[in-house]
Amino acid sequence: MSVEYDLVVIGGGSAGLVAASAGAQINAKVALVEKHLLGGDCLHYGCVPSKSLIHAAQIAYNVKTAARFGIYTSEPTINLKEAMNHVHRVVDTIQEHDSTERFEKLGVEVIYGTGQFVDQSTFEVNGRQLKARAFLIATGSRPAVPPVPGLKEAGFLTNEQIFNVTDRPDAIAVIGAGPIGCELGQSFSRLGSEVTLLSSRDVIMPKEDPEAAAVVQRQMIDEGVCILNNTRAERVEVKEGKKHIFTGKETIVVDEILIATGRTPNVESLNLEAAGVSYSAKGIEVDDKLRTSNKRIYAAGDVIGGYQFTHVAGYEAAIAMQNALIFPTKKADYRVIPWATFTDPELSRVGLTEQQARDRYGDDVFVLRQNFDGVDRALAESAGYGFAKFITKGDGEILGAHIVGIHAGELIHEAVLAMSQNLKVGALQCIHVYPTLSEISPKTALQLTKQKYAKNTFLQNTLRKFFNWRRAIAS
């Protein structure tokens, strides 16, 4: 049976754009189906707008705290509408790179509309039946909304609406203390809102190293964010125009509620049953080559669950595209996946936590730690808080790395490179420019040598005798 396309990509977010662009550039005939805007959640509701707002909030915070550097200013006047205009200018600029025209020039046929599978080899959109040798599902995810009584009636915001808010709420509650909740909660606090963050655990960002998350939590509290740990919203009511959140322990009264309680894969409208594609509440099920239960259909990005990051979606898309268009030989390798939360201080991670490493490797685990107050450049920038923590085996193999502090999202990549290339932690002790923040890496790596020396009493005694002998013969 002849087919019209080599690859039909369903979803124009990060994964879909990577696959469509790369496929077209190797001369495959590719169709890209998108229901709304190219760029997906990352460009319009996630990474790009949130980091733009975080930057505006950082500027406001720097002005407010300038006196610590001997610079005195009046209290800044914050215009949220203009701050959001900055956010949308950035989005619009990057949108040009993800424009329909650009992809059409590459040879991709871009089709806007909502479609579904009608059988195992046909996807229908706008009344057209698209047949292809292979399909890639990259429909992403959407905010998960908790079933809190009264929440829907009271109204709430998610990351899909928050960047259109132009009148600053006097008080806002953030339900969910993961990366999105913490980033946006701190940002709105710095932009002048009274922020209450509801965390269902005993510390924010429970997937991170607890010590590192605690550093971020202390900073947010010091800035005035009210963090309620081990707290869940039980119901919501609107009284006299205000939203009342009842937690069982207290009542929180706010103007707006931001929901940041995780993500749900976008699978419902695809009619995956007709395509013979297996899925669950966590997303579409794939093998290590990113094939679904229908071997001509692949899936990548948030829609398969797993690591829900833009950079992972792009990585998966490249693998799925190659397997779909050439030969299915490439496997996804998740051994070294870094990520970062862009609060202040930033928190970044790759690999195992300390507890995960101890559970897996027992006593052959070394925890190397260096505080930022031992890094001169951090002190020069009044950022001597936080730390780097590397988890290694006795032979120097890096099992995980965690950095909480200034520019942690940039600094983590030395450890990422070392892990991906199977380098030992000692490789990070190469000469670094002084004074730079990157000195945190060799200083942390050096701790393995110090710890092993401290445990080696034979070596200590031998060296002690050697130096005693050298001094004796010198005299």
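The values are calculated or read from the model by the stated rules, or taken from the named source; none is laboratory data. Computed from a predicted structure; not experimentally measured. Every residue, glycine among them, receives a Cβ derived from its backbone with ideal geometry; neighbour counts consider all protein chains shown.
Points worth noting:
- Spans of helices (runs of 4 or more DSSP H) in segment 150-223 with at least 1 residues under 25 Å from L352 (Cβ atoms) and in contact with a Phe, Trp or Tyr (Cβ under 8 Å, 6 or more places away or on another chain): 179-190, 210-222
- Scanning segment 294-304 for residues that are touching a helix residue (DSSP H, G or I) at 6+ places or on another chain (Cβ under 9 Å) and either closer than 17 Å to D119 by Cα or part of a strand (DSSP E or B) (or both) returns N294, R296, I297, Y298, A299.
- Residue match in segment 116-124 (condition: of a type in the set (A, V, I, L, M) and surrounded by 18 or more Cβ atoms within 10 Å (Cβ to Cβ)): no
- Pick from segment 189-217, criterion touching a Lys or Arg at 6+ places or on another chain (Cβ under 8 Å) and over 20 Å from A340 (Cβ atoms), ranking: surrounded by the most Cβ atoms within 10 Å (Cβ to Cβ): L198
- Meets criteria (over 23 Å from L53 (Cβ atoms), among the charged types (D, E, K, R) and modelled with pLDDT of 95 or more) for R235: yes
- In segment 124-138, the condition of being out of contact with any helix residue (DSSP H, G or I) (no Cβ under 7 Å at 6 or more places or on another chain), touching a residue at least 60 places away in the same chain (Cβ under 8 Å) and part of a loop (DSSP other than H, G, I, E, B) is met by no residue.
- Any pair with Cβ under 7 angstrom, 6 or more apart, that starts in segment 294-315 at a residue that is closer than 11 Å to R263 by Cα and ends at one that is assigned to a helix (DSSP H, G or I): D302/A313; Q308/D302
- Scanning segment 242-278 for residues that are assigned to a strand (DSSP E or B) and closer than 18 Å to V33 by Cβ yields a total of 1.
- Of the helices (runs of 4 or more DSSP H) lying entirely inside segment 367-464, those containing at least 2 residues that are modelled with pLDDT of 95 or more, closer than 21 Å to T341 by Cβ and touching a strand residue (DSSP E or B) at 6+ places or on another chain (Cβ under 7 Å) are 408-411, 413-420, 440-455.
- Qualifying position, being in contact with a Pro (Cβ under 7 Å, 6 or more places away or on another chain) and farther than 22 Å from K64 by Cβ, among I245, I252, I180, I259: I259
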